[in-house]
Every structure is written in structure tokens, then in C-alpha cells.
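J.: Can you read through this structure? Questions will come right after.
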Amino acid sequence: MIRKIILNYKFNDKSYLYKTFVNFLLKNEKFFEILKSYDTIIPVPISQKRRKERGYNQSELIAKEIAKAIGNHYNNQCLYKTRNIIEQSKLKKEERQKNIRGVYELRNQKLLQDKKILLIDDIYTTGSTVNECARMLEQAQPKFIGVFTLAKD
């Protein structure tokens, strides 16, 4: 049931569900305290083409709402997806790693240096996407990179 809700959120124009996810997460005091320990929150970016098709970046909505709720810095000015690729959900593990390689670009690195970064994505399947994003973020020499996803598939 949860998988169906998350997929509806991501693919079926149910963007309003992000508030439900975030409200549920923030009710857990321990999790809330962990979130507050990060300096900046960064969503996994999507391509401009995908944003136009979908109308929103599902990870960005969650990241913004979490940052707002905990009074933390939200940053979508450093990590960019530079080209559209075949959707990861349509590929096998080995294909995903090859497909995602080199599609992200890091800008404004100084904003992330010595920061504790929380990278937010919606679904963790093979880790290819968050691993590639983290690899790019490491160029900024942060103190730490944590990853949060709504679900593991």
C-alpha cells in the first residue's frame, strides 16, 4: 500500500502527498533530532524535461518541507542534473549505474565545504542515483553526507 502511494506521488500527479510524508516523519522525535544535526538539505535533482513532464521534483518538495519544518538551510543551487536519461526504474542494476554516471554537475562548491549535508531522494532501489549524487557532492569537501529516502524498493 505504501509503495502504491509513493508511486502515485511520483508518477501520477499527486504532489500534495509530500506534506503527509513529511508530517509523518517529523512526528518521530529521534528522527527529528537527527535531521536537525545537518547544516544543509539537498534534493536529488531531476532534468528540466522531467520537471516539465511531471510538473514538480518529488524529492525537492520533501526536502523543502523538511528544511522549513526544522529551520534548516535548503539548497538546490549546487547539484544539477545536466541531461535527461532513461528512467532508472526501467533498468536493471548494472544498467542503472552506467545510465546515471556523469549526469550530475556540482556548482557553488564553496557553499557546501565543511557542511553536514543531507541528500534527499524518494526511493532507494540500487543506490545508483544517491551514490552518484554523493560522489559529486564529495568534490565540495563536506564534513559529512547523509542520505534519506522515503522508501527502499
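J.: Considering I123, I145, I62, which residue is closer than 26 Å to K4 by Cβ and touching a helix residue (DSSP H, G or I) at 6+ places or on another chain (Cβ under 6 Å)?
T.: Numbers: I123 fails: touching a helix residue (DSSP H, G or I) at 6+ places or on another chain (Cβ under 6 Å); I145 fails: closer than 26 Å to K4 by Cβ.
Of I123, I145, I62, the one residue that is closer than 26 Å to K4 by Cβ and touching a helix residue (DSSP H, G or I) at 6+ places or on another chain (Cβ under 6 Å) is I62.
J.: Kindly check whether there is at least one residue in segment 63-70 that is within 11 Å of the chain's Cα centre (by Cα) and either at pLDDT 95 or above or of a type in the set (F, W, Y) (or both). Before you say what the answer is, go through the steps one by one.
T.: Start the filter on segment 63-70 by keeping residues that are within 11 Å of the chain's Cα centre (by Cα), which leaves 63-64.
Still in the running and either at pLDDT 95 or above or of a type in the set (F, W, Y) (or both): 63-64.
Yes - at least one qualifying residue is present in segment 63-70.
J.: Looking only at segment 132-142, how many residues end up being free of Cβ contacts under 8 Å to residues at least 40 places away in the same chain and either among the aliphatic types (A, V, I, L, M) or touching a strand residue (DSSP E or B) at 6+ places or on another chain (Cβ under 9 Å) (or both)?
T.: Kept after step one, since they are free of Cβ contacts under 8 Å to residues at least 40 places away in the same chain, are these residues of segment 132-142: 132, 134-135, 138-139, 141-142.
Checking the rest, the ones that are also either among the aliphatic types (A, V, I, L, M) or touching a strand residue (DSSP E or B) at 6+ places or on another chain (Cβ under 9 Å) (or both) come to 132, 134-135, 138-139, 142.
Residues meeting the conditions: 6.
J.: When only residues in segment 114-130 that are closer than 14 Å to F148 by Cβ and not in a strand (DSSP E or B) count, which is farthest from the chain's Cα centre (by Cα)? Break it down into steps so the answer makes sense when it comes.
T.: Going residue by residue through segment 114-130, those that are closer than 14 Å to F148 by Cβ are 116-124, 127, 129-130.
Of the ones still in play, those that are also not in a strand (DSSP E or B) are 127, 129-130.
Details: G127: 12, T129: 9, V130: 8 Å.
Filtering first and then ranking leaves G127.
J.: Same structure again: So which residues in segment 64-91 are among the charged types (D, E, K, R) and within 16 Å of L106 (Cα to Cα)? Please lay out each step first, then the result.
T.: In the first step, residues of segment 64-91 are kept if they are among the charged types (D, E, K, R); the result is 64-65, 68, 81, 83, 87, 90.
K81, R83 - these are the residues of segment 64-91 that are among the charged types (D, E, K, R) and within 16 Å of L106 (Cα to Cα).
J.: From the set of residues in segment 12-21 that are free of Cβ contacts under 8 Å to residues at least 24 places away in the same chain and of a type outside the set (V, I, T), which is surrounded by the fewest Cβ atoms within 10 Å (Cβ to Cβ)? Can you show your working first?
T.: Narrowing segment 12-21 to residues free of Cβ contacts under 8 Å to residues at least 24 places away in the same chain: 12, 14, 16-17, 20.
Next, from what is left, pick out any that are of a type outside the set (V, I, T): 12, 14, 16-17.
On the way: N12: 11, K14: 15, Y16: 9, L17: 17.
Checked segment 12-21; the qualifying residue surrounded by the fewest Cβ atoms within 10 Å (Cβ to Cβ) is Y16.
J.: Determine, yes or no, whether E105 is surrounded by 15 or more Cβ atoms within 10 Å (Cβ to Cβ), on the phi < 0 side of the Ramachandran plot and not in a loop (DSSP other than H, G, I, E, B). Before you say what the answer is, go through the steps one by one.
T.: Working: surrounded by 15 or more Cβ atoms within 10 Å (Cβ to Cβ): no; on the phi < 0 side of the Ramachandran plot: yes; not in a loop (DSSP other than H, G, I, E, B): yes.
Judged against the criteria, E105 is not a match.
J.: Please specify each residue of segment 113-148 satisfying the condition of being of a type in the set (S, T, N, Q) and surrounded by fewer than 20 Cβ atoms within 10 Å (Cβ to Cβ).
T.: Going residue by residue through segment 113-148, those that are of a type in the set (S, T, N, Q) are 113, 125-126, 128-129, 131, 139, 141.
Q113, T125, T126, N131, Q139, Q141, listed by residue number.
J.: Something else about it: Just checking, which of L111, L118 is touching a Gly at 6+ places or on another chain (Cβ under 8 Å), within 23 Å of D39 (Cα to Cα) and either free of Cβ contacts under 8 Å to residues at least 40 places away in the same chain or not hydroxyl-bearing (S, T, Y) (or both)? Please lay out each step first, then the result.
T.: Details: L111 fails: touching a Gly at 6+ places or on another chain (Cβ under 8 Å).
Exactly one of L111, L118 is touching a Gly at 6+ places or on another chain (Cβ under 8 Å), within 23 Å of D39 (Cα to Cα) and either free of Cβ contacts under 8 Å to residues at least 40 places away in the same chain or not hydroxyl-bearing (S, T, Y) (or both), namely L118.
The values are calculated or read from the model by the stated rules, or taken from the named source; none is laboratory data. Remember, predicted model here, so these are calculated numbers, not experimental data. Every residue, glycine as well, gets a Cβ built from its backbone with ideal geometry; the counts of neighbours run over all protein chains shown.
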